[in-house]
1. Run the dipole for the chain about the Cα centre, Lys and Arg Cβ at +1, Asp and Glu Cβ at -1, nothing else charged, and hand back the magnitude in debye, nearest 20.
2. Which net charge results for the neighbourhood of K79, defined as the other residues with beta-carbon distances under 13 angstrom from its beta-carbon, given Lys and Arg at +1 and Asp and Glu at -1?
3. Taking Kirkwood radius over Cα pairs in Å as the quantity of interest, determine which of (i) 14.4; (ii) 15.6; (iii) 14.9 was computed from the displayed structure.
4. Which sequence of M92, M6, M73, M50 reflects their accessible areas, 1.4 Å probe, from the largest down?
5. When a/c is below 1.5 the answer is rounded, else prolate if a/b is larger than b/c, else oblate, so apply that to the stretch 33-86 with a ≥ b ≥ c taken from the square roots of the Cα gyration tensor eigenvalues.
6. Label N38 and L89 with points 7 Å out from Cα along Cα→Cβ: what is the distance between them in nm?
7. How high is the FRET efficiency between M6 and D97 when r is their beta carbon distance and R₀ equals 25 Å, given to the nearest 0.05?
8. So what is the accessible area of the stretch 1-100 per residue, in Å², with the probe set to 1.4 Å?
Amino acid sequence: FGEKIMKIKEKIIAEIKKVYDPEIPVNIYDLGLIYEINIFQKSSAVHILMTLTSPACPVAGEIPEWVKGAALMAHGVEKVEVELTFDPLWDMSRLSDEAKLELHVYGFPV
């Protein structure tokens, strides 16, 4: 059971990594916008807790839908609920090493 859940989670993460913040050339997973991915085996359902780089993000209403659509692309996932939170607020410390490298290459201060 645990191994199956981990494989589904890896597939979800791979799909979420295809979603990019329109203002930053890094995927939202490596930006650290995804706080939690919870998978419920019995119903093939997923709950994703995420944030945005700013509460004033111009695509705040769209990004959770993009994440939902991406997660639904993962094999075995039938239902996805995306919950948006600003607690805690996102900051640069949540960036993955890959994101820091990418942003540095593009000239963003990291």
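The values are calculated or read from the model by the stated rules, or taken from the named source; none is laboratory data. Remember, it's a predicted structure, so these values are computed and weren't measured experimentally. So basically every Cβ, Gly included, is an ideal-geometry build from the backbone, and we count neighbours across all protein chains shown. SASA here: full protein model, heavy atoms, side chains in, ligands and nucleic acids out. Shrake-Rupley method; radii C 1.70, N 1.55, O 1.52, S 1.80 Å.
1. Using only the charged Cβ atoms, the result is roughly 420 debye.
2. That sum, taken over residues with Cβ under 13 Å, equals 0.
3. Given (i) 14.4; (ii) 15.6; (iii) 14.9, the calculated one carries the label (i).
4. The residues order as M73, M6, M92, M50, largest area first.
5. prolate
6. In this crude label model, N38 to L89 measures out at 2.6 nm.
7. The pair M6/D97 has a calculated efficiency of 0.70.
8. 56 Å²
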